[in-house]
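First the structure, in the form of structure tokens, and then the observations on it.
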Amino acid sequence: MANGVTLESLRQSLIRQEDTIIFSLIERARFPTNSPTYNESYVSTPTFSGSLVHFVVKETEALQAKAGRYANPEEHPFFPDNLPPSVVPPYNFTEVLHPPAASININKDIWDMYFKKLLQLFAAPGDDGIYASTAASDLVCLQALSRRIHYGKLVAEVKFRESPEEYEPAIRAKDRDALMKLLTFESVEEAVKKRVAKKAMVFGQEVTLNNDDNKGKYKVDPSVVSRLYGDWIIPLTKLVQVEYLLRRLD
Ligand SMILES: O=C(O)C(=O)C[C@]1(C(=O)O)C=C[C@@H](O)C=C1
């Protein structure tokens, strides 16, 4: 494969990204749900009105755009409209993806999934007033999830290059179901779900000098992490793969 990218190397990266995602969930779980962070009338300035989390993500993305973050094809902003240009020298990222990939950004779905489904599964109900830090940890979670899910573009490219003759008829027929079948490896998905639960146990345990303390107490419920992957993260990664493949022959 050109550029040294293989399905195996991409899977290794997805495995490493599990660590980032699980640590980000553990950090967010330090805070209770803190619902005022998501109140649409919390911030009102002459140039912005909306929730605190929206404000923090939008303003942070503007700064990171200036620092060149979104010149990297692996990064996708949640609020792409009116982002300022980069002020840093351009880096020549190797082009692995087919150019229409750039039009795929499912962060809106990721945003909705995170706030409507995921958050209440791992943040305890309550309000401690620490809203700015809560929003900052939400941003870290969202960026880690977005990076992982959009990695589907690379995974799909490699799968296509490995067997174009299998994918081309389904792409031409715009047959989403056939593409979904071709790109699915159930045994890999099962391994991912088991591994992330195990990582949540290891990373989220209380570490004490007395081995017997806190047995079975985790900072984020391992079965919830497994469910986040099985019900949302993997399906959205597969959705990105289908979207990418549908444009692969454009
Ligand atoms: O490893 C792959 O082949 C992927 O496409 C990644 C992934 C995942 O999201 O973890 C998605 C679809 C496959 O069924 C297995 C795993």
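The values are calculated or read from the model by the stated rules, or taken from the named source; none is laboratory data. These figures come from a predicted structure and were not determined experimentally. Note that we place each Cβ from the backbone using ideal geometry, even for glycine, and neighbour counts take in every protein chain shown.
Filtering region 216-229 for residues that are of a type in the set (Phe, Trp, Tyr), crowded, with 19+ Cβ neighbours inside 10 Å and within 30 Å of residue 54 (Cβ to Cβ) leaves a non-empty set. The set of residues in region 131-158 that are under 28 Å from residue 39 (Cα atoms) and hydroxyl-bearing (Ser, Thr, Tyr) comprises 131, 133, 134, 137, 146. For residue 32, the conditions (1) assigned to a helix (DSSP H, G or I); (2) more than 14 Å from the ligand (Cβ to nearest atom); (3) not polar (S, T, N, Q) all hold with the exception of (1). Taking the criterion of being over 15 Å from the mean Cα position of the chain (by Cα) and closer than 16 Å to residue 17 by Cα, no residue of region 227-242 qualifies. Look at residue 167 and say whether it is more than 30 Å from residue 79 (Cβ to Cβ), within 14 Å of the ligand (Cβ to nearest atom) and buried (at least 20 other Cβ atoms within 10 Å of the Cβ). The answer is yes for residue 167. The sole residue among 42, 70 that is farther than 28 Å from residue 250 by Cβ, crowded, with 16+ Cβ neighbours inside 10 Å and modelled with pLDDT of 95 or more is 42.
Yes or no: region 53-61 includes at least one residue that is without any contact (Cβ under 8 Å) to a residue 40 or more places away in the chain and within 22 Å of residue 101 (Cα to Cα). Yes, the conditions are met somewhere in region 53-61. The set of residues from region 171-197 being surrounded by 14 or more Cβ atoms within 10 Å (Cβ to Cβ) and away from the ligand (no atom under 12 Å from the Cβ) comprises 171, 175, 176, 178, 197.
If a residue must be assigned to a loop (DSSP other than H, G, I, E, B) and surrounded by fewer than 19 Cβ atoms within 10 Å (Cβ to Cβ), how many such residues does region 45-62 contain? Selection size over region 45-62: 4.
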